[in-house]
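For reference, the structure discussed in these notes is given below.
A short reminder: the numbers here are calculations on the coordinates, not readings from a lab. As the structure is a computational prediction, the values presented were derived from the model and not from experiment. All Cβ positions, glycine included, derive from the backbone under ideal geometry; neighbour counts span all protein chains shown.
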């Protein structure tokens, strides 16, 4: 990851597709049921991230970042499917929480979120637009950093 940190790929809004390519991951958009956001799996040709082609591009970006997290942190041995965040039941398990946190940090670096909010930005729409994420992702990120947002 240190080579990635020294590249120009982490400038916001982060191009997660280029980050995936840098890491040797192929990203494919695929038709999936709406409750599925994506997957990561090892194949003979290398690692593949599948992303739900029906989801909004901002949702897809978060999915790619989430799957990158699984690759770097968990290295699954077989296909790992991810259910859309809003449709997860029974709470989040540790692995999914780690992947969500990694994705949020990658797409919305803490220092940049804090600078934006301390600079007076209060619109979740504008914060989300700045980082290329959904309003829901921006809201959760701001809340996780201790800001009270609606």
Exercise for the section: Pop the C-beta distance of residue 110 and residue 136 into the FRET formula with R0 = 22 Å and round what comes out to the nearest 0.05. Expected result: 0.75
Problem - Percent RCO, i.e. relative contact order, over the chain, from Cα pairs under 8 Å lying at least 6 residues apart - result: 22 percent
Practice task
For residue 11 paired with residue 28, estimate the spin-label separation in nm (one decimal), with each label point 7 Å from Cα along the Cα-to-Cβ line.
Solution key: 3.2 nm
Handout entry: Among 53, 18, 118, residue whose mean-square fluctuation peaks in a GNM of the chain (springs only between Cα atoms under 10 Å)
Key = 118
Exercise for the section: Using R₀ = 35 Å, calculate the FRET efficiency as 1/(1 + (r/R₀)^6) where r is the Cβ-Cβ separation of residue 126 and residue 78; round to 0.05. Expected result: 0.30
Handout entry: If the convex hull is drawn through the Cα atoms of the chain, its volume per residue in Å³
Key = 117 Å³
Practice task
Counting other beta carbons within 10 Å of each Cβ, put 125, 15 in order, fewest first.
Solution key: 125, 15
Exercise for the section: Would you mind telling me the antiparallel percentage of the DSSP bridges in the chain, rounded to 5? Expected result: 60 percent
Problem - Percentage of interatomic Cα-Cα distances in the range 1-67 larger than 15 Å - result: 51 percent
